[in-house]
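Here is the structure we will look at.
Derivation of every value follows stated rules applied to the coordinates shown; laboratory data play no part. In this text, all values refer to a predicted model and were calculated from it rather than measured experimentally. So basically every Cβ, Gly included, is an ideal-geometry build from the backbone, and we count neighbours across all protein chains shown.
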Amino acid sequence: MKTAPKILTLLCLLFASGAHANLIANGGFESCNFNGWDTYTDSDVNTVQSGDFNIINNAGDCQAEINIDLNNGTTALYANTLSTELDLSVAANSQLWLSFDWDFSGFDDGSEFADVFFVNFIDDLGNITGADGSLGFLIDPTSAYGSGTFSMMLDSSFNNQPGWFLDFNLEAGYTPDSYSSTLLIDNVTLLAIPTEVPAPPMTALLLLGSAALFSRRKQSNRTR
């Protein structure tokens with residue numbers, strides 16, 4: 001296939017597939033600040049942030065940092081939380097998909113009384129739930145250091161519901177070494193994914209037909 005048919009086919013695919021916008025503003029911390037996010041220290045709004053919350057800027061590639069670290073200017077006695085209100089608006093026959101990257105590190109001993117992090121949804125009434133809509137967590141409380149990517153489809157009961165928030169929590173432990181842990185968060189993405197593949201729009205079908213016709217004409221000219 002020559003260049004022109006290739007371009008027509010690519011345009012056809014673009015028209016047919018469409019793009020999915022992230023429903024979380026500044027979810028990848030593209031603005032290199034906490035716009036669209038709220039920061040809480042010991043359950044109170046933290047507007048100063050100091051050492052409790054930072055933006056790590058790697059040549060414009062930014063991520064959020066949450067700290068429990070008495071040696072570096074943090075003020076939290078027991079917890080720091082990074083939170084954003086969710087836009088759960090979806091069209092009919094669509095499902096919400098949430099993903100984010102996390103990295104939990106520090107100098108604690110990893111015991112059950114060490115610093116822990118966990119991730120959850122919470123509503124205006126204080127109900128804490130996981131992706132299935134039941135009481136629980138997206139990531140259960142853990143003191144084990146590590147990193148990973150969370151990615152999961154949300155239960156349809158969340159669709160178009162107001163008053164829900166996504167919380168990333170870092171809590172201080174109760175061991176002699178419980179004074180230095182860090183949670184990095186990045187690429188927080190919420191997408192509305194169609195559960196039924198729509199028929200290609202007329203524009204896409206016309207482009208695909210043009211590509212096929214162009215290819216046949218070129219082939220016919222070569223055989224004359």
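Taking the stretch 55-65 on its own, how many of its residues are surrounded by 14 or more Cβ atoms within 10 Å (Cβ to Cβ) and over 15 Å from Thr81 (Cβ atoms)? If you could, list the steps in order and put the result at the bottom.
Looking only at the stretch 55-65, we keep the residues that are surrounded by 14 or more Cβ atoms within 10 Å (Cβ to Cβ), and these are 55-56, 62-65.
Filter once more, so that each one left must be over 15 Å from Thr81 (Cβ atoms): 55-56, 62-63.
Adding up the residues that qualify gives 4.
The residues in the stretch 153-193 that are within 18 Å of Asn120 (Cβ to Cβ), acidic (Asp, Glu) and assigned to a strand (DSSP E or B) can be counted, and the count is 2. Taken over the stretch 87-133, the criterion of being farther than 12 Å from Ser156 by Cα and among the small types (Gly, Ala, Ser) is satisfied by Ser99, Ser105, Gly106, Gly110, Ser111, Ala114, Gly126, Gly130. Listed by first and then second residue, the pairs with beta-carbon distance under 7 Å, at least 6 apart or on different chains, first residue in the stretch 102-124 and β-branched (Val, Ile, Thr), second in a loop (DSSP other than H, G, I, E, B), are Val116/Ser143; Val116/Gly173; Val119/Phe137; Val119/Leu138. Of all residues in the stretch 31-48, those that are farther than 17 Å from Glu65 by Cβ have Cβ atoms under 6 Å from Cβ atoms of residues that are part of a loop (DSSP other than H, G, I, E, B) and of a type outside the set (Phe, Trp, Tyr), 6 or more apart or on another chain, in Asp42/Ala76; Asp42/Leu77.
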